[in-house]
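Read the structure below first, then the notes.
The values are calculated or read from the model by the stated rules, or taken from the named source; none is laboratory data. Not measured: the values here are computed from a predicted model. Reconstructed Cβ throughout: ideal geometry from the backbone, glycine too, with neighbour counts over all protein chains shown. These accessible areas exclude ligands, DNA and RNA; they are computed on the full protein's heavy atoms, side chains included. Shrake-Rupley method; radii C 1.70, N 1.55, O 1.52, S 1.80 Å.
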Amino acid sequence: STGPPASYACLRPVIFNVRPHGRLRVNAQVFIPVVAALIAALASIGGVLYSQNNVLRVESVKWEKSRADETRRAQASALSDYAREISTAVQRITYIMWQVEMTSNALTSKEFSTYEQETKQQFPRLFASQVMLATTNVCAYNLVEPVARKFYKLDERIVVAGRRFTKDRHQVLRELTADNDAVMELQNHMVSALKEAATAISQGNSESCR
């Protein structure tokens, strides 16, 4: 067949004119406005899609920032809990060691018993704060974990010595007095480690410490 396809039949009166011998001639007066309308419609759709994509991108950035902020708050809270527990424990050691050095004549086994009991009651909270910090920020935990290790070792020496205090008072006092430098080192290490851990959290370091 030399004529246009049947699917063009509905367009013949508007866009196409059938010329003799079956040839088609485009009706420019109708075709150009239709094309212009199609282009405008496509441009409008493209603008809407572009706008929606920008909105989604902005919302995604906001969500990521909100998520990062929430993570940092959780990490800072975990570090704060640990700092409170370890500083309380270290202060308790500092006080009993001060008593050994400054008031040894008035010191009795009761002070050591009180120290041991209070420390034992705090252990679950201290351990829990370590676990929470480790699960939220490995870097911060690795920075402060040596402080807890030093504390546990020094605490053990004090408890063991305190249980011998009544039987071997002078020897216990000599042993504990020799640990004064270790107490000072523990205090300084605690402060510096907590500061480094706080910096790591603020900088977003959660796995490795740079």
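At-a-glance table
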quantity: Long-range neighbours under 8 Å by Cβ, at least six apart or interchain, first residue in contact (Cβ under 8 Å) with a residue 40 or more places away in the chain and over 16 Å from residue 110 (Cα atoms) within the stretch 154-182, second open to solvent by 20 Å² or more (accessible area, probe 1.4 Å) and among the aliphatic types (A, V, I, L, M); calculated: 154/182
quantity: Matching residues, the stretch 119-138, being of a type in the set (Ser, Thr, Tyr) and loosely packed, with under 15 Cβ neighbours inside 10 Å; calculated: 135
quantity: Residue that is farthest from the chain's Cα centre (by Cα), among those in the stretch 199-208 that are within 14 Å of residue 136 (Cα to Cα) and open to solvent by 50 Å² or more (accessible area, probe 1.4 Å); calculated: 208
quantity: Residue that is within 14 Å of residue 92 (Cβ to Cβ) and without any contact (Cβ under 8 Å) to a residue 40 or more places away in the chain, where the choices are 123, 127, 151; calculated: 123
quantity: Out of 84, 67, 72, 92, sole residue that is part of a helix (DSSP H, G or I), modelled with pLDDT of 65 or more, within 46 Å of the chain's Cα centre (by Cα) and loosely packed, with under 11 Cβ neighbours inside 10 Å; calculated: 67
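This table checks each residue for (1) small (Gly, Ala, Ser); (2) open to solvent by 50 Å² or more (accessible area, probe 1.4 Å); (3) assigned to a helix (DSSP H, G or I).
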| residue | (1), (2), (3) |
| --- | --- |
| 140 | yes, no, yes |
| 143 | no, no, yes |
| 148 | yes, no, yes |
| 153 | no, yes, yes |
| 170 | no, yes, yes |
| 173 | no, no, yes |
| 188 | no, yes, yes |
